[in-house]
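Data first, discussion second: the structure below is written as structure tokens.
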Amino acid sequence: MNNLFDKVFSIDEIKVSALVLILIVTSIFGLVMYVLDGDITANLLTFMSTLIYSIVGINAFNLAKEGITNFKNTKEESNFDSSI
């Protein structure tokens, strides 16, 4: 379970914890609005989707950065191991 949690939340949560906290607060506020009024405003839905897209974007860029770094490191290691 811990490994799955690490894969889902692979971004450094300390750096983007404000985004996650705002998303949680906004989701709770949206749930309360839905219970009281039966509707969530379009502005709140747009704001929530923007927060989700930004968190997903940060995850995607970090994953791409790790892939490029790993590829670069393996290529450098293979260059050192080859004979001249």
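At a glance:
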{"read-out": "Neighbour-count order for L31, L19, L36, fewest beta carbons within 10 angstrom listed first", "value": "L36, L31, L19"}
{"read-out": "Which of L21, L44 has the fewest Cβ neighbours within 10 Å, and the rest in rising order", "value": "L21, L44"}
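Quick note: the coordinates plus some simple rules give every number you see, no bench work behind them. A quick note: this is a predicted structure, and the numbers were derived from the prediction, not measured. All Cβ positions, even for glycine, are placed from backbone atoms using ideal geometry, and neighbour counts span all protein chains on display.
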